[in-house]
Amino acid sequence: MQGNAREPKFLNEVLGMKHWDAIIDFMAYSTKDFEQVYEQFLSHTEQYVFLSSSRVYAESEGPITEDSPRLLDVCKDADYLATDEYALAKAREENILRASGKKNWTIIRPYITFGDYRLQLSCEEKESWLYRCLQGKTIVFSKDLADKQTSFTYGEDVSRGIAAIVGKQEALGEAFHITNSEHHKWGEICNCYLSAIEKE
């Protein structure tokens with residue numbers, strides 16, 4: 001079926017068709033919008049898989065695990081916390097699920113994924129940075145970011161990770177991040193992109 005998942009009429013129709021084995025939700029919501037729909041999802045499925053993000057994690061000197069502090073929990077910047085920026089929204093939505101009184105949810109926190117149609121440069125999608133590059137325009141890339149470590153995960157591997165937890169009782173009420181063990185500096189990633197663009 002195809003339709004607008006932000007349209008209550010369509011969403012109610014799909015959810016009301018039957019009790020679903022699993023719902024895997026790739027939507028990005030504001031916290032306010034998520035508060036309006038999460039109960040519907042939880043009550044119409046055996047397992048609601050919520051796609052969060054590894055961007056919820058706070059800065060860490062060591063390896064990040066699912067129990068590592070989240071930005072929402074440790075940030076002291078009142079101006080930032082007053083926003084519903086992506087990392088904060090995802091963490092708040094995780095909190096909503098945890099406080100729901102139900103356990104038929106699983107949180108997935110993928111790290112930066114890539115594929116044929118997706119190439120990120122930090123938080124910038126290719127539609128922003130690559131478009132400018134191909135138009136011969138400059139792109140914004142900070143020196144501080146160039147030395148930061150990152151990991152990239154192939155989208156198909158992420159989908160395999162998601163599929164592996166569907167229907168698993170032990171995955172209910174848990175959070176998992178899916179990432180690659182290989183890591184590089186953002187400067188290396190940027191140079192890899194640029195050399196490929198120049199070659200092509």
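Quick one: ranking GLU85, GLU35 by accessible area, 1.4 Å probe, largest first, what do you get?
Largest to smallest exposure gives the sequence GLU35, GLU85.
Show which lysines lie in cross-link reach of LYS143 when reach means a straight Cα distance below 27 angstrom and same-chain residues fewer than eight apart are skipped.
Output for LYS143: LYS76, LYS126, LYS185, LYS199.
At a probe size of 1.4 Å, how large is the accessible area of ASP73, to the nearest 10 Å²?
It works out to around 90 Å².
Determine the relative contact order of the chain: mean sequence separation of Cα pairs under 8 Å and six or more apart, normalised by residue count, in whole percent.
It comes to 22 percent, rounded to a whole number.
With a 1.4 Å probe and all protein chains left in place, how much accessible area per residue does the range 61-148 have, in Å²?
63
Assuming a ≥ b ≥ c are the square roots of the Cα gyration tensor eigenvalues, decide whether the range 61-178 counts as rounded (a/c under 1.5), prolate (otherwise, with a/b larger than b/c) or oblate.
Oblate shape, in that a/c is at least 1.5 and b/c is the bigger or equal ratio.
Tell me, what ³J(HN,Hα) does each residue in the range 92-101 have, in order and in whole Hz, if you take phi through Karplus 6.51 cos²θ - 1.76 cosθ + 1.60 with θ = phi - 60° and put x for Gly and Pro?
5, 5, 4, 4, 4, 5, 5, 8, 6, x
What residue among ASN104, ASN180, ASN12 shows peak mean-square fluctuation when the chain is described by a Gaussian network model with Cα springs under 10 Å?
In this elastic network of the chain, the residue with the biggest mean-square fluctuation among ASN104, ASN180, ASN12 is ASN12.
Whose amide H sits under 5 Å from the amide H of PHE176, counting only residues 5 or more places off or on another chain, with H placed in the peptide plane?
ILE107, ILE108, ARG109
Which order do HIS44, HIS19 take when ranked by solvent-accessible area (1.4 Å probe, heavy atoms of all protein chains), largest first?
HIS19, HIS44
Hey, which lysines would be in cross-link range of LYS9, C-alpha to C-alpha under 27 Å, not counting anything within fewer than 8 residues on its own chain?
The reachable lysines, counting only those whose Cα sits under 27 Å from LYS9, are LYS18, LYS32, LYS90, LYS102, LYS103.
With a 1.4 Å probe and all protein chains kept in place, how much accessible area does THR83 have, in Å² rounded to the nearest 10?
Surface accessible to solvent at THR83 totals approximately 60 Å².
What's the local net charge at TYR80, with K and R +1, D and E -1, over the other residues with C-beta under 14 Å away?
-2
Can you list residues from other chains, or at least 5 along the same chain, whose modelled amide H is less than 5 Å from the amide H of LYS185?
THR150
Using the eigenvalues of the Cα gyration tensor, what equivalent ellipsoid semi-axes result for the chain when each is taken as the square root of five times the eigenvalue, whole Å, largest first?
The answer is 32, 20, 17 Å, longest axis first.
Quick check: the angle from helix 31-43's long axis to the longest principal axis of the chain, C-alpha only, nearest 10 degrees?
50
Which residue fluctuates the most in the chain, going by a Gaussian network model with Cα springs under 10 Å, if the choices are ALA99, ALA78, ALA22?
Largest GNM mean-square fluctuation: ALA78.
Evaluate Rg over Rh across the range 81-131, taking Cα atoms for both radii and Kirkwood's formula for Rh.
Taking Rg over the Kirkwood Rh, I get 1.11.
Ranked by accessible surface with a 1.4 Å probe, highest first, in what order do MET17, MET27, MET1 come?
MET1, MET17, MET27
Nearest 10 degrees is fine. How inclined is helix 155-165 to the longest principal axis of the chain, computing both from alpha carbons?
30
How many angstrom lie between the Cα centre of the range 111-163 and the Cα centre of the range 35-96?
A separation of 21 Å, based on Cα centres.
Provide the solvent-accessible area of LYS185, counting protein heavy atoms only and rolling a 1.4 Å probe, rounded to the nearest 10 Å².
80
Carbon-plus-sulfur fraction of the accessible area of the range 84-200, 1.4 Å probe, in percent?
That fraction is 53 percent.
The values are calculated or read from the model by the stated rules, or taken from the named source; none is laboratory data. For clarity, every value in this text was computed on a predicted model and none was experimentally measured. Using ideal geometry, Cβ is built from the backbone for each residue, glycine included, and neighbour counts are taken over all protein chains shown. These accessible areas exclude ligands, DNA and RNA; they are computed on the full protein's heavy atoms, side chains included. Shrake-Rupley method; radii C 1.70, N 1.55, O 1.52, S 1.80 Å.
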